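Data first, discussion second: the structure below is written as structure tokens.
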Amino acid sequence: MAREVFNSKMGAIAAAAGSAVGLGNIWRFPYVLGENGGGAFLFVYILFTFLIAVPILLSELAIGRRAGKPVLGAFKALAPGTKWHLIGYSGVFCAFLILSFYAIVSGWTLLYAYRAVVGELAAISPDEMTTLYNHTSSDPVVSIIWMFAFIGLTAFVVMRGVQDGIEKYSKILMPMLLLLIVLLCIRALTLPGALDGLAFLLKPDFSKLTFTGIFEALGQAFFSLSIGMGTMTTYGSYISRKQNLVSGGFSIAGLDFMIAFLAAVIIFPCAFSFGISPGQGPGLVFVTLPNIFNQIFMGRAVSIVFFVLLSVAALTSTISLLEVVVSFLVSERGFRRKPASLLVAGLIGLLGCLCAFSSTIFSLFDNISANILLPGGALFIVLFIPHVLGKEAFRSELEACGTRQRVFGVLYFVIKYIVPVAIGGVLIYQIVNWLIG
Ligand code: TRP
């Protein structure tokens, strides 16, 4: 079967951005930041994103493009006869774990879009909004039905192949989402008490930052950029040779950060204004945002558009996760695309049921994948660059399209020394903490 290649030059970069931007930005980032005390977490998160995560993103894209194969095949092709391809297996496993809880939250997003359409979110008080979320999250049957709807959508797109699905939608709908978010920011900042929320977000109080907070900031930076498990390696293999990876990578990270940051600029003023605890956990976006829709002109229409766009953002991310597993089965195990997509979707649905029945399992999958598996995978990916791929091969991927030598020099230094030490340090410290704690 011919390999899909994106049509336009920007196609694969747009799709990679579509993978990055998702619930990680709008659902996960604000809730993890809220649980970790606000401003100081933001500061560390920015540092991790641009200093640690972006170089890993570029490494993944370069490895994928060099090999021209999805993650497992990429490592097999570039390091034949070694164990490096185990990174690919860990990625496939991690995609399963992430999808199982991510699909539940995606299902809630669809459900909220439906609720907005039928008017269930209109004119209810902030307290009732919280009750509504609590009912939803503790009702496994409802969660499971909407989760399956969402997985079905994802499988439908992946089944038809990468090229004519993802690219088209990402390019139109993501700018729309960004625009809507900017408009909502303006409303959020003019709510009474909004400034307290803004201060929570922007004023770093380092006494509130624990080591666990630093550890979670690292995991969130990886989760948000979809790195550490081969998604971006797979997408890198679709990127044309004419594309400058460095500028592409920085654009993805910049866009991804901006959307996460602006989501927080809406959510925290809203939380403080409506008396909702910023540290209330995974429900944060669902109990804060709908309140704002009740305070704006044409709020119901806006809320419909918002949840639909958020569902689409989630969809471009779940597609990228499912694609990792499906492309593995197709290119390594000789499956056809359609049965592979259906099989994997079914299995993920079953795992998702566990997350729907138990919030402990939900959080466990969330934590293990983002905070352990992604940094672990990223560590190996980043070791692969200097020790296996080699400086010159990496240089030829990055410098080919106009990246300056000096930029490459700095980047290579960061990848070879700073990134592994930072990830290794944070992981080891946290594991020791757990063992003695
Ligand atoms: N980055 C996506 C988000 O922020 C989620 C995601 C998609 C992801 N693919 C991934 C996370 C691969 C980790 C690894 O919503």
| query | Can you tell me which residue in region 306-324 is nearest to the ligand (Cβ to nearest atom), limited to those that are under 12 Å from the mean Cα position of the chain (by Cα) and not small (Gly, Ala, Ser)? | reply | Leu321
| field | Qualifying residue in region 20-32 (condition: out of contact with any Gly (no Cβ under 9 Å at 6 or more places or on another chain) and either open to solvent by 20 Å² or more (accessible area, probe 1.4 Å) or more than 13 Å from the ligand (Cβ to nearest atom) (or both)) | value | no
| task | Scan region 66-88 for residues that are touching a Leu at 6+ places or on another chain (Cβ under 7 Å), closer than 19 Å to Gly376 by Cα and away from the ligand (no atom under 14 Å from the Cβ) and jot them down. | result | His85
| From the list Gly88, Gly64, which residue is in a helix (DSSP H, G or I), out of contact with any Lys or Arg (no Cβ under 9 Å at 6 or more places or on another chain) and not β-branched (Val, Ile, Thr)? | Gly64
| Which members of region 296-305 meet the condition of being within 22 Å of Leu189 (Cβ to Cβ) and either near the ligand (Cβ under 10 Å from one of its atoms) or in contact with a helix residue (DSSP H, G or I) (Cβ under 7 Å, 6 or more places away or on another chain) (or both)? | Ile296, Gly299, Arg300, Val302, Ser303, Val305
| request: Confirm whether Ile124 is in a loop (DSSP other than H, G, I, E, B), among the β-branched types (Val, Ile, Thr), open to solvent by less than 50 Å² (accessible area, probe 1.4 Å) and at pLDDT below 95. | output: yes
| field | 2 or more residues open to solvent by less than 30 Å² (accessible area, probe 1.4 Å) and within 24 Å of Ile98 (Cα to Cα): qualifying helices (runs of 4 or more DSSP H) within region 341-437 | value | 359-367, 374-384, 419-436
| said: Show me the helices (runs of 4 or more DSSP H) found entirely inside region 182-250 where at least 1 residues are open to solvent by less than 30 Å² (accessible area, probe 1.4 Å), within 16 Å of the ligand (Cβ to nearest atom) and not aliphatic (A, V, I, L, M). | reply: 211-224, 231-236
| Residue satisfying condition, being among the β-branched types (Val, Ile, Thr), farther than 30 Å from Val410 by Cβ and more than 16 Å from the ligand (Cβ to nearest atom), within set Ile124, Ile98 | Ile124
| request: Determine which member of the set Ala314, Ala356, Ala253, Ala260 is farther than 23 Å from Leu178 by Cβ, modelled with pLDDT of 90 or more and not charged (D, E, K, R). | output: Ala356
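The values are calculated or read from the model by the stated rules, or taken from the named source; none is laboratory data. Computed from a predicted structure; not experimentally measured. As a convention, Cβ positions derive from the backbone with ideal geometry for all residues, glycine included, and neighbour counts pool all protein chains shown. Note: areas computed on protein heavy atoms with side chains; ligands, DNA, RNA excluded. Shrake-Rupley method; radii C 1.70, N 1.55, O 1.52, S 1.80 Å.
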